[in-house]
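What follows is a set of notes on a single structure, which appears directly below.
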Amino acid sequence: MTALLHVDNLTKRFGGFVALDGVALEVEPGERMGLIGPNGSGKSTLVNCICGTLQNESGSVHFDGQVMDGLAAHERTHRGVARSFQLPRPFHSMSLADNLRIPLLYTAHARSGLLHSAGDLDARCHELLNMVGLAGKSRRMPRDLTQVEMRKLELARAMAAEPKLLIADESMAGLSHSEIDDILALLVRLNERGITIILIEHIMRAVMSFSQRLAVLVSGKKIADGKPEEVVRDPEVVRAYLGQ
Amino acid sequence: MNTTKFILAMIAAGAAVLAVAHSLNVDYFFFAAYTILQFIVLATAWNILGGYCGYVNFGSAAFFALGAYSSVALIKFDGAIDSWFPEGVASFLHHVFPLPIPVLIVIGAVVSGVVGLGMGYLTLRLRGAFFAIATLAMAVVLQTLIVNWDFVGGSRGAYIIRPDTLEVGRFQVSYIEYLFTLMLILTIIALVTARTIERSQLGFGFATIRDDELAAEACGVPTLRLKLIATTLSGAFMGMAGAPFPYYIGYLQPASAFGLEYAVNSIAMPMIGGTTSWIGPLIGAVVLGSAQQYATVTISSAVNLLIVGLMLVAFVIIAPKGLLGLVQDRLQARRSS
């Protein structure tokens with residue numbers, strides 16, 4: 001089986017600081033993958049390089065059999081990579097429904113040529129809001145939402161682009177126990193619909209219950225990759241997290 | 001209201017204004033109304049980039065002046081044909097020149113639009129205050145170029161002799177009424193365009209740029225392309241507003257074409273009216289433009305900028321989202337109470 005996402009020898013520098021140092025990563029279609037690492041280890045930089053927010057200096061990113069290097073972020077979104085942001089970044093001046101309308105108009109609509117009428121769009125917005133449990137608030141503004149609702153909006157907006165791969169960048173940070181379960185259940189449901197998911201998270205309970213495979217990033221290097229139970233027992237991983 | 005109905009409504013409103021103006025038949029009314037209409041176009045043009053996309057352009061005067069000076073250049077070209085070209089070519093060119101004002105308007109739009117596109121490319125990584133400063137700098141550079149371009153009069157300025165009347169078939173129309181009518185048509189085109197953008201996919205895209213460009217890209221919005229569309233459109237409409245200006249003013253010099261009042265008014269009018277909708281710049285331009293015309297007649301034209309300044313300060317305190325925002329907030333408060 002060919003990998004959906006194939007990251008090869010990816011390097012990214014900020015001035016003299018090496019944020020990513022020859023990272024290789026493969027994600028199979030339909031897989032639930034966890035990505036962990038201490039603060040500043042390069043997780044978000046990796047996401048940014050995969051999504052096109054940042055351009056990598058060397059190495060390459062292949063997605064769905066296509067080379068992604070040099071493509072702008074919106075072009076990668078069109079090809080099926082979606083992300084949620086670590087800190088939610090809703091469009092503040094728009095209602096929740098309009099927030100979802102953007103990726104529908106610019107990505108799903110452009111790609112499939114479906115959703116022709118305004119009615120189709122409205123129905124799809126409603127369906128997405130329903131999926132994340134925000135159906136009753138479609139006309140509210142993002143500022144009226146709670147933290148967990150904001151995360152759900154973020155995920156719904158990523159899903160509106162009908163991606164093949166969803167990268168959830170710390171979509172649970174700062175949430176309560178039950179709220180985490182909420183988001184986890186949502187992610188699992190998405191995965192069951194055939195969407196490959198990379199979960200970046202500090203909350204180990206969530207990562208361990210979600211991931212089929214776990215990769216660990218430390219100081220811009222991938223130090224472990226494998227079954228979650230084995231990876232967390234890896235002496236190097238333990239050392240990176242707890243020190244010696 | 002759908003777009004066709006809106007266009008018909010605008011045309012009806014324009015025809016009504018024209019009918020009233022024509023029956024009054026006071027030259028001063030045409031002069032004053034022309035200025036207000038010109039500011040509606042400028043404010044609407046500014047709002048396409050400033051209000052919808054959130055990019056504050058301080059160089060509106062430059063786009064306006066480019067439109068005006070492209071007209072001046074073509075008028076001067078007409079005068080220089082005989083000395084520049086051999087007889088055969090000259091007699092052919094005399095068939096084409098002098099160009100009618102509607103053609104000058106199109107050319108002014110193209111020139112300013114191209115400069116707008118260039119400005120978009122050069123400043124695409126700048127945001128907020130940095131973008132504003134860059135546009136201001138561009139205005140200064142263009143003004144320096146015009147001041148040093150002798151063909152269009154340089155710093156001395158250029159005289160444009162306006163004919164008294166225009167013959168349309170058997171009818172004779174006073175030239176100022178002709179200019180007023182042209183500007184009225186331009187205003188309708190600008191407002192229809194702004195409103196159409198607002199309700200289209202493009203308008204949604206512009207709003208995402210204003211809110212959060214990173215998130216917009218992640219949603220698949222080609223932010224760079226949209227920004228360039230906005231700078232080009234905005235510049236083109238400012239150029240359109242400027243193209244008939246030499247005929248209106250009669251004597252054009254760089255200091256007046258690049259005047260501070262154009263840059264300041266194009267910002268202040270949408271701000272006072274409200275930047276989120278096409279109707280905001282319209283309201284702002286009518287309110288502020290009328291106040292300025294009134295002050296010009298009763299006190300002096302020198303107080304115009306003072307009026308703008310005071311009104312801006314007042315609105316920043318009382319209604320930061322403009323008159324439109326004030327009304328919307330009131331309506332919302334009433335609905336929720």
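Residue by residue through A:90-101, how many Cβ atoms from other chains fall within 10 Å of the Cβ on average?
3
At 222 nm, what value in deg cm²/dmol follows for chain B if DSSP H runs of at least 4 each add -39500 (n - 2.57) and the sum is divided by all its residues, to the nearest 500? Provide the component values of the computation, followed by the final result.
Details: 16 runs with 257 residues, N = 337.
So the helix-based figure for chain B works out to -25500 deg cm²/dmol.
Going by the alpha-carbon gyration tensor, a ≥ b ≥ c the square roots of its eigenvalues, is segment B:136-251 rounded (a/c under 1.5) or, if a/c is not under 1.5, prolate (a/b greater than b/c) versus oblate? Each step should come with its number before you reach the end.
On the way: a/c = 4.82, a/b = 1.61, b/c = 2.99.
Oblate, because a/c is 1.5 or more while a/b does not exceed b/c.
Return the calculated 222 nm mean residue ellipticity for chain A, to the nearest 500 deg cm²/dmol, obtained by summing -39500 (n - 2.57) across DSSP H runs with n ≥ 4 and dividing by the residue count.
Values: 10 runs with 93 residues, N = 244.
Counting only the DSSP helices, I get -11000 deg cm²/dmol.
Mind checking which helices in chain B clear 24 Å along their axis (Cα) and have mean Kyte-Doolittle hydropathy of -1.0 or more, DSSP H runs only? Before the final figure, lay out each step's value.
On the way: long enough: B:3-24 (31 Å, 1.65); B:27-50 (34 Å, 1.32); B:60-84 (35 Å, 0.92); B:101-122 (31 Å, 2.19); B:128-147 (29 Å, 2.21); B:175-198 (34 Å, 1.55); B:223-242 (28 Å, 0.96); B:279-298 (28 Å, 1.06).
TM-like helix candidates: B:3-24, B:27-50, B:60-84, B:101-122, B:128-147, B:175-198, B:223-242, B:279-298.
Expressed in nm², what is the orientationally averaged projection area of the convex hull enclosing the Cα positions of chain B?
On the way: hull surface 81.1 nm².
For chain B, the mean projected area of the Cα convex hull comes to 20.3 nm².
For segment A:10-91, just say rounded, prolate or oblate: build the C-alpha gyration tensor, square-root its eigenvalues into a ≥ b ≥ c, call rounded for a/c under 1.5, and beyond that prolate if a/b exceeds b/c, oblate if not.
rounded
Given just the C-alpha atoms of segment B:109-166, how large is their convex hull per residue in cubic angstrom? It would help to have the intermediate numbers written out before the result.
On the way: hull volume 7.5 nm³, N = 58.
Here the figure is 129 Å³ per residue.
Apply the Kirkwood formula to segment A:125-185: the hydrodynamic radius equals the inverse of the mean of 1/r over all pairs of different alpha-carbon atoms; give it in Å with one decimal.
Numbers: mean 1/r = 0.0828 Å⁻¹.
That comes to 12.1 Å for segment A:125-185.
Any idea what Rg and Dmax come out to for segment A:148-240 if you just take the C-alpha atoms, in Å?
13.9, 41
Tell me which aspartates and glutamates have Cα within less than 14 Å of A:LYS152's Cα, excluding those fewer than 8 residues away on the same chain?
Partners within reach: A:GLU127, A:ASP144, A:ASP169, A:GLU170, A:GLU179, A:ASP181, A:ASP182.
Please report the relative contact order for chain B, taking Cα pairs under 8 Å with a sequence separation of at least 6, and give it as a percent rounded to a whole number. Walk me through the intermediate numbers first.
On the way: 489 pairs, mean separation 106.7, N = 337.
Taking the mean separation of contacting Cα pairs over the length of chain B, I get 32 percent.
Sequence gap at least 6, Cα distance under 8 Å: using those rules, report the relative contact order of segment A:77-173 to the nearest whole percent.
After rounding, I find 53 percent.
Which one, A:THR77, A:LEU20, A:ALA123, is farthest towards the positive end of the dipole of segment A:5-242 when Lys and Arg carry +1 and Asp and Glu -1 on their Cβ?
Of the options given, the answer is A:ALA123.
Would you look at the GNM of chain B, springs on alpha carbons closer than 10 Å, and say which of B:GLU217, B:GLU87, B:GLU198 moves the most?
Top of the fluctuation ranking is B:GLU87.
Would you kindly calculate the mean projected area, averaged across all directions, of the convex hull enclosing the Cα atoms of chain A, in square nanometres?
That works out to 13.6 nm², a quarter of the Cα hull's surface.
Evaluate Rg over Rh across segment B:1-155, taking Cα atoms for both radii and Kirkwood's formula for Rh.
On the way: Rg = 19.4 Å, Rh = 18.6 Å.
Result: Rg/Rh = 1.05.
May I ask for the Rg/Rh ratio of the protein assembly as shown, computed from Cα atoms with Rh as the Kirkwood radius, given to two decimals? Provide the component values of the computation, followed by the final result.
Values: Rg = 29.1 Å, Rh = 27.0 Å.
Rg/Rh for the protein assembly as shown comes to 1.08.
GNM, chain A, Cα, under 10 Å: largest mean-square fluctuation among A:LEU71, A:LEU166, A:LEU46?
A:LEU71
Name the residue, out of A:ASN39, A:ASN99, A:ASN56, whose mean-square fluctuation peaks in a Gaussian network model built on chain A with Cα pairs under 10 Å.
A:ASN39
Read the figures in this text as sums done on the coordinates, not as results from a lab. Just so it is clear, the structure is predicted and the values come from calculations on it, not from any experiment. Don't worry about glycine lacking a Cβ; one is built from the backbone with ideal geometry, like all the others, and counts go over all protein chains shown.
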